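Note sheet for the following structure.
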Amino acid sequence: MNFKQNFINGKWVPSHTSNKRDIMNPFNQEIIAQATESDETDTRYAIAAAREAFDKGEWSRTSATERSKKLHTIASFIERDNEELAQLETLDTGKTLDESRGDMEDIAGVFRYYAELADKHGGEVIDSPIPNTISKVVYEPVGVCGQITPWNYPLLQASWKIAPALAAGNTLIMKPSEITPLTTVKVFELMEEAGLPNGVVNLVLGKGNTVGAELSSNQEVDLISFTGGINTGKKIMQSASSNVKKLALELGGKNPNIIFADADLDIAVDQALHAVYFHAGQICSAGTRIIVEEKIHDSFVEPLVERVKNITLGSGFESSTQMGPLISKEHLHKVIQYVENGKKEGAVIAVGGKQPDAPELKDGFFYLPTVLTNCTSDMSVVQNEGFGPVITIETFTSEQEAVQLANDSIYGLSGGVWTKDIAKAERCVAKMRMGTVWMNDYNVYFPHAPWGGFKQSGIGRELGKAGLEEYQEAKHVFQNLRPKALNWF
Ligand SMILES: NC(=O)c1ccc[n+]([C@@H]2O[C@H](COP(=O)([O-])OP(=O)(O)OC[C@H]3O[C@@H](n4cnc5c(N)ncnc54)[C@H](O)[C@@H]3O)[C@@H](O)[C@H]2O)c1
Ligand SMILES: C[N+](C)(C)CC=O
């Protein structure tokens, strides 16, 4: 059996615990690998290695040009092994191979983007208000960074953290989700091949309440960057107060998709499907909360439901498959319960609402793509992140009501507006309290633009220049060219 280990101080090592975890294919529950199951002690070894490497300065004080070259090398290895990585991601998550291939292209692009930015953000000269002085800002790495990622986009979310951290000169300890570590392990092999100094990148495999908790509370860690659920984010925020760590949180979303009557309905329906059923709705930014203008409710919902009926479920490796399984038995049960709660509250199942009957899907964690109508803002299915293939439909009668509904949420990750009236779209966008808003599109993201949430969807930004700045400290350096005594005391 393929056995995955920790990467600490430049060496592949098992946990001192000797515990192992089975890694499962969610399509058929086959065990595809085993991973070492680490604890707090393993995590402290990795933190010590990252601390020593940072203080030694072989990476943190090397030139940004050198760091840029290494990031380009890692990107080229990811491009070279793109297909192997995509297959591993599909095996581990169940998402379709086309989705995984798209992720791998994005991931190489993230490394390329930060390789390009690494040597273009060194600092700036300030126009000092005091004569005969020089004032400048230099950007320095934060130090030792703990990074924790979820299971839905395992390597993509890891790349959003690893690439900017390295570009800025930090050292890091990565903890991938214990459910889906395989592609992250592979990229650590590629970083080893690229020849980073020992201790710069460290990988610890294990659970959140051991490895993740140690990373968040340990006083030798200067920054913690977390992507995952809101409740875990709150715990991490508390632990991070131990030494006032810098904190970056990318949390969940319950993302509105507003459809005005004057939208191009064919495109809006098509994109509403794409906004949700990609990766079976297990996307932080899935547009699961559809808010449609009342007078077009039927002409929008009927074609939507017809198309949902035709979505093909299956193995991510089959080219005919449009939607794979959910990640685990536990998660499947959460989605089942989420829909049951909606039914009790008065939501009506227009399509789906159960597991499929097809015998060939019986070993996988499948749930049918589902549309719930008759939904209102006070229902738990509208307010909570279901993280499954479930759309809720609400209606509105005025622009003001559409925006008010869209903002009626503890979340503020992303949202969309569909209308041909651009002035109306701009008015809505200006009032929507979300980190990303799409006009006549949905779920678009790329390395150049910042990603993150308003409200309880998070703190800080990944991607773009802001994503690099999360990993930098700004230092003001002031020099007096003609110092003189002040004779104040
Ligand atoms: N905002 C974004 O960009 C974004 C992107 C992807 C996923 N997400 C969110 O992630 C969630 C789904 O992922 P999940 O189920 O893996 O989330 P999760 O919070 O259960 O786990 C995420 C990671 O945190 C670790 N963890 C768990 N408990 C911990 C603790 N006490 N201390 C430290 N680490 C701990 C887990 O082991 C895992 O590695 C959804 O809410 C989704 O919206 C957000
Ligand atoms: C951030 N994103 C959209 C890539 C994945 C969210 O789950």
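The values are calculated or read from the model by the stated rules, or taken from the named source; none is laboratory data. Keep in mind that what you see is a predicted model, and the values were worked out from it rather than measured. Here the Cβ positions follow ideal geometry from the backbone for every residue, glycine too, while neighbour counts run over all protein chains shown.
Go through region 130-158 and count every residue that is touching a residue at least 60 places away in the same chain (Cβ under 8 Å), among the aliphatic types (A, V, I, L, M) and more than 22 Å from residue 478 (Cβ to Cβ).
So the count comes out to 3.
It is to be established whether one or more residues within region 72-89 are in contact (Cβ under 8 Å) with a residue 12 or more places away in the chain and over 30 Å from residue 318 (Cα atoms).
yes
Out of all the residues in region 246-280, which are basic (Lys, Arg) and either within 12 Å of ligand 1 (Cβ to nearest atom) or free of Cβ contacts under 8 Å to residues at least 60 places away in the same chain (or both)?
Scanning region 246-280 gives a single hit, 254.
Answer yes or no: is there a residue in region 156-177 that is away from ligand 2 (no atom under 16 Å from the Cβ) and either under 20 Å from residue 34 (Cβ atoms) or not assigned by the TED database to the domain that holds residue 26 (or both).
Checked against the condition, which is being away from ligand 2 (no atom under 16 Å from the Cβ) and either under 20 Å from residue 34 (Cβ atoms) or not assigned by the TED database to the domain that holds residue 26 (or both), region 156-177 yields at least one hit.
Only one of these is outside the structural domain of residue 387 (by the TED database), within 13 Å of ligand 1 (Cβ to nearest atom), on the phi < 0 side of the Ramachandran plot and in contact with a Ser or Thr (Cβ under 6 Å, 6 or more places away or on another chain): 232, 180, 210. Name it.
Result of the check over 232, 180, 210: 180.
Would you check if residue 128 is more than 30 Å from residue 90 (Cα to Cα), in the same structural domain as residue 20 (by the TED database) and away from ligand 1 (no atom under 15 Å from the Cβ)?
So residue 128 fits the description; yes.
Out of region 428-464, which residues are away from ligand 1 (no atom under 14 Å from the Cβ) and crowded, with 16+ Cβ neighbours inside 10 Å?
Listed by number, the residues that qualify are 428, 429, 432, 433, 437, 438, 440, 442.
Which of the strands (runs of 3 or more DSSP E) contained wholly in region 183-267 include at least 1 residues that are over 30 Å from residue 292 (Cβ atoms) and more than 16 Å from ligand 2 (Cβ to nearest atom)?
Filter on region 183-267 gives 201-203, 223-227, 246-250.
Would it be correct to say that residue 336 is surrounded by 14 or more Cβ atoms within 10 Å (Cβ to Cβ) and not in a loop (DSSP other than H, G, I, E, B)?
Judged against the criteria, residue 336 is a match.
Residue 365 versus (1) assigned to a loop (DSSP other than H, G, I, E, B); (2) within 30 Å of residue 258 (Cβ to Cβ): which is the lone unmet condition?
It is condition (2) that residue 365 fails.
Quick one: is residue 7 buried (at least 16 other Cβ atoms within 10 Å of the Cβ) and not in a helix (DSSP H, G or I)?
yes
Could you check region 393-421 and list, in sequence order, the residues that are farther than 21 Å from residue 327 by Cβ, of a type outside the set (D, E, K, R), crowded, with 21+ Cβ neighbours inside 10 Å and touching a Leu at 6+ places or on another chain (Cβ under 8 Å)?
393
Would you check if residue 385 is within 16 Å of ligand 2 (Cβ to nearest atom) and outside any helix (DSSP H, G or I)?
yes
Of the numbered conditions (1) crowded, with 22+ Cβ neighbours inside 10 Å; (2) in contact with a strand residue (DSSP E or B) (Cβ under 6 Å, 6 or more places away or on another chain); (3) small (Gly, Ala, Ser), residue 388 fails exactly one; give the number of that condition.
(2)
Does residue 285 qualify as being hydroxyl-bearing (Ser, Thr, Tyr) and surrounded by 15 or more Cβ atoms within 10 Å (Cβ to Cβ)?
Yes; evaluated as a whole, the condition is true for this residue.
Which residues, counting only those in region 21-31, are in a strand (DSSP E or B) and surrounded by 16 or more Cβ atoms within 10 Å (Cβ to Cβ)?
21, 23, 24
Please go through region 284-333 and give me each residue that is touching a residue at least 60 places away in the same chain (Cβ under 8 Å) and assigned to a strand (DSSP E or B), ordered by number.
289, 290, 291, 292, 293, 323
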